[in-house]
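Derivation of every value follows stated rules applied to the coordinates shown; laboratory data play no part. Predicted model only: the values in this text are computed from it and were never measured. Every residue, glycine as well, gets a Cβ built from its backbone with ideal geometry; the counts of neighbours run over all protein chains shown.
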Amino acid sequence: MNLPPTTASPVASPSRRGKMQKVTRRVKYESELDLGFGERIAKDAYGQNLLSCIQCGTCGATCPLSYYMDYTPRRVIAMVREGFREEAINSFTIWLCASCYACTVQCPRQIHITDVMYTLKREAIKQGVYPKRYPIPVLARAFFDLVRHFGRSSESLLLIRLYLQTNPFLMLRNAGLGWKLFRKGRMPLKIEQIKEKTKLRNLLLAVERPREEEPQ
Amino acid sequence: MKYMYYPGCSLKSTGRPYEESLLAIFRALEVDLQEVRDWNCCGATAYASIDEKKAFGLAARNLALAELQHGPSNGEGVNLVAPCSACFLVLTKSQKYFDTYPEVQRDVTRALEAAELDYKGKTRVRHPLDVLVNDIGIERVQKRVTNPMKGIRIASYYGCQVVRPFATFDDAMYPTSMDRLMSAAGATPVDWPLKTRCCGGSLTGTIPEAGLRLNQHLLNEAVRKKADAIVTCCPLCQFNLECFQSQINSRYAEDIHVPVMYFTQFLGLSFGLSEHDLGIQRLFVKPDFRRPAVEKGAPAHV
């Protein structure tokens, strides 16, 4: 089993043959955990039932991408609940989730697992804990900016930005596909945009202001 | 009944044949679709990964515009047709969350005020499948069929987001509405257990190792079930299954050539509409339904 790396520093101990071997603590101390993490994620993912997960593993079994994941969704939930914050947001799992909602539909505890994954993605993007030039957050960010500026997304612009910021080589490899789409009239070069851009920007800015105090 | 229509960004670019064929068959059925003026992007899955509150704000603007432009609805609610799966999911999800969580509703109301809009919550988000099967009805569709697609074996691919988890018009894991429409068009729907298995969405571009594999499984299963074509109701599924076929063939040493078309295009063919009006010429793998597959005495595959 892959135990999460801990922050404890390795100590040296003599092995049987006299060679020095690094020894690492494989278990986290409770004091190193972020104990409020589970509660926080549950709140952001719309459901306290995250905390009552029965660890049945139905989520991992229905997930079409679970065999690429480092931790199955069941383990991610367990980590979130117990406060393994770093391990959860550093997990590859959250980037693989394609939001197909199969787990959410099948979960016997009605946990909004897809929302949990979204919440973890946002947490990871906010703290910048993903490899540089990692395509998924780059794509999300490019899409976010495009829609903020124009109100709509244009696939040609989106893909060009994605490839330039991640792997320009991929652009060459997919250029043929792009050309074919263009010839079939399915990749217009026109930038799609709405008329009331200022109003949309005001709308998005209004969301940023902090929530007013809830009435008691 | 009047329907408001929210195309979404995909239907204006890679999904253009979807829009062309959808409008064509609704015209043929004499159902009015009125495009929401100045609609904005729904936010798709990427927006919620950056800022969820803004994602709800984007969706709310569209719902509010639909309500406003529809005019008085006599207490029936405003039907908003969203053909793209991602748009459909995002809009239904937002609607559900406004109704369920007061804090979301407060955020959204405040955001809409900044854009001089007001949303009363009357919009009902509908998928064309839902409208065709439950409002227009299979019988009316069947009556319009002038060119029955006899003997054509069709694998209906719903993808994930149309039926999960906020849609109520069909089963979340084993839906049948598209299969019933295919039967109405005279075709033979094949029993295809992967019909709601995810195609990976944008993973084909971001993590091709995982994304292309998912599509390979889907295509292989369709070939194994002797499907003459895959029909789908999602622009991203159509794009993945069709446009990456050559990459899948070279990467995994396969030899797959399956036409992947929109269910609206197939229905349009059965209505006798012209290929050009349905955007058939925009497909990469041209469907050829002239050979009778079953009548040649091929064994029946279920």
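Computed values, structure above
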| item | result |
| --- | --- |
| Near-label residues of the range B:1-16 by backbone N, under 14 Å of a point 7 Å along Cα→Cβ of B:K122 | B:2-4 |
| Global size of the protein assembly as shown as Cα Rg and Dmax, reported in angstrom | 24.1, 87 |
| Using θ = phi - 60° and Karplus 6.51 cos²θ - 1.76 cosθ + 1.60, couplings along the range A:107-117 (whole Hz; Gly, Pro as x) | 4, x, 9, 6, 7, 7, 5, 4, 5, 4, 5 |
| Partner chain coverage, peptide B:1-13 - average Cβ within 10 angstrom | 3 |
| Set of aspartates and glutamates with alpha-carbon distance to B:K226 below 13 Å, sequence-local pairs under 8 removed | B:D191 |
| Computed over chain A: relative contact order in percent, which uses C-alpha pairs under 8 Å that are six or more apart | 14 |
| Distance (nanometres) between label positions extended 7 Å along Cα→Cβ at B:H276 and B:E103 | 5.7 |
| Least to most buried among B:L58, B:L68 (fewest other Cβ within 10 Å first) | B:L68, B:L58 |
| For the range B:2-126: relative contact order, % (alpha-carbon pairs under 8 angstrom, 6 or more apart) | 31 |
| Sequence of B:W192, A:W95 once ranked by neighbouring C-beta atoms within 10 Å, starting from the fewest | B:W192, A:W95 |
| Principal axes of the range B:138-282: Cα extent on each, largest first, Å | 45, 34, 26 |
| Extension reserve of the A:Q193-A:K126 stretch, reckoned as 0.36 nm per residue once the Cα distance is removed | 21.4 nm |
| About the Cα centre, charge dipole magnitude for chain A (Lys/Arg +1, Asp/Glu -1 at Cβ), debye | 1120 |
| Peptides B:216-222, B:24-30, A:32-38 ordered by average Cβ neighbours within 10 Å, highest first | B:216-222, B:24-30, A:32-38 |
| Inter-chain shielding of B:278-285 (mean C-beta neighbours from other protein chains, 10 Å cut-off) | 2 |
| Additional length obtainable on full extension of the chain from A:W179 to A:H149, 0.36 nm per residue less Cα span | 8.2 nm |
| J(HN,Hα) series, the range B:228-238, from Karplus relation 6.51 cos²θ - 1.76 cosθ + 1.60, nearest Hz, glycine and proline x | 7, 7, 9, 10, 9, 10, 9, x, 6, 4, 4 |
| For B:E35, residues with placed amide H under 5 Å, excluding near neighbours | B:Y5 |
| Fewest-first sequence of A:Y134, B:Y157 by Cβ atoms within 10 Å of each Cβ | A:Y134, B:Y157 |
| Rel. contact order, % - alpha carbon contacts under 8 angstrom, at least six apart, chain B | 21 |
| Shielding by partners - mean other protein chain Cβ count within 10 Å, residues of A:115-124 | 3 |
| For chain A, cysteines whose Cβ has no other cysteine Cβ within reach (under 4.7 Å) | A:C53, A:C56, A:C63, A:C97, A:C107 |
| Difference of contour (0.36 nm per residue) and Cα-Cα distance, B:R224 to B:Y174 | 16.1 nm |
| Inter-probe distance in nm under a simple model that places probes 7 Å from Cα toward Cβ, at A:M171 and A:N202 | 3.7 |
| Ranked by how many other beta carbons lie within 10 Å on average, peptides B:117-126, A:22-31, B:5-14, B:262-271 from highest | B:262-271, B:5-14, B:117-126, A:22-31 |
| Lys, Arg +1 and Asp, Glu -1 on Cβ, resulting dipole of chain B about Cα centre, debye, nearest 20 | 520 |
| Given charges at beta-carbon only (K, R positive; D, E negative), |dipole| of the range B:138-282 in Debye | 220 |
| Listed residues B:V163, B:Q34, B:T188: farthest to the positive end of the dipole of chain B (Cβ charges) | B:T188 |
| Where labels lie 7 Å past Cα in the beta-carbon direction, separation of B:M1 and A:Y134 in nm | 4.5 |
| Sequence-distant aspartates and glutamates (8 or more away, or on other chains) whose Cα lies within less than 13 Å of A:K180 | B:E242 |
